[in-house]
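Colleague: Shown below is the structure under consideration.
Values quoted throughout were computed directly from the atomic coordinates according to the rules given, and no laboratory measurement underlies them. These numbers come from a predicted model, not from an experiment.
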Amino acid sequence: MAEPKNWVKEIQIDFEACKGCKSCINACFADVIRWNEAEKKPVVAYPEDCVWCLACEAGCPAQCIEVIPNIPAPLFSSY
């Protein structure tokens, strides 16, 4: 059986820009992002479960989340 492909290399959160609104947590249906109650900030708990839907990026009003893909080959332009 083939090893499952993880399409996400890294999920970065700019904690200085983060307002703690929890929009990213509510947007993530894969439960990748969790809330750290002690530090009052989001934490990327299960990056291996990320399906690269980018809902957390789109849902963040402060635009402080970046999902970096793990693309195995260069993308070529059609022109």
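Colleague: For the range 15-69, count the residues as N, evaluate 2.2 N^0.38 Å, and divide the Cα radius of gyration by that value, please. Don't skip to the end; give the middle numbers.
Modeller: Working: Rg = 10.2 Å, N = 55, 2.2 N^0.38 = 10.1 Å.
Normalised Rg, Cα atoms only: 1.01.
Colleague: Kindly write out, for the range 40-49 in residue order, the coupling ³J(HN,Hα) from the Karplus curve 6.51 cos²θ - 1.76 cosθ + 1.60 (θ = phi - 60°), rounded to whole Hz, with x marking Gly and Pro.
Modeller: Computed from phi, the couplings for the range 40-49 are 6, 8, x, 9, 7, 7, 10, x, 5, 8 Hz.
Colleague: Let me ask something additional. List, in order, the whole-Hz ³J(HN,Hα) value for each residue of the range 10-22 obtained from phi through the Karplus relation with A = 6.51, B = -1.76, C = 1.60 and θ = phi - 60°; use x for Gly and Pro.
Modeller: My calculation for the range 10-22 gives 6, 10, 9, 10, 7, 5, 6, 8, 5, 9, x, 7, 6 Hz in order.
Colleague: Would you mind checking which residues have amide H under 5 Å from Lys41's amide H? H placed 1.01 Å from N; only 5 or more apart, or other chain.
Modeller: Amide H to amide H, under 5 Å and 5 or more residues apart or across chains, Lys41 pairs with Asn36.
Colleague: For the range 26-31, take each phi angle, set θ = phi - 60°, evaluate the Karplus expression 6.51 cos²θ - 1.76 cosθ + 1.60, and give the result in whole Hz per residue in order, putting x for glycine and proline.
Modeller: 5, 7, 7, 6, 8, 6
Colleague: May I pose another question? Given a cut-off of under 8 Å on Cα pairs at least six residues apart, what relative contact order in percent is computed for the range 15-69? Numbers along the way, then the final one.
Modeller: Numbers: 72 pairs, mean separation 20.3, N = 55.
About 37 percent, as a whole number.
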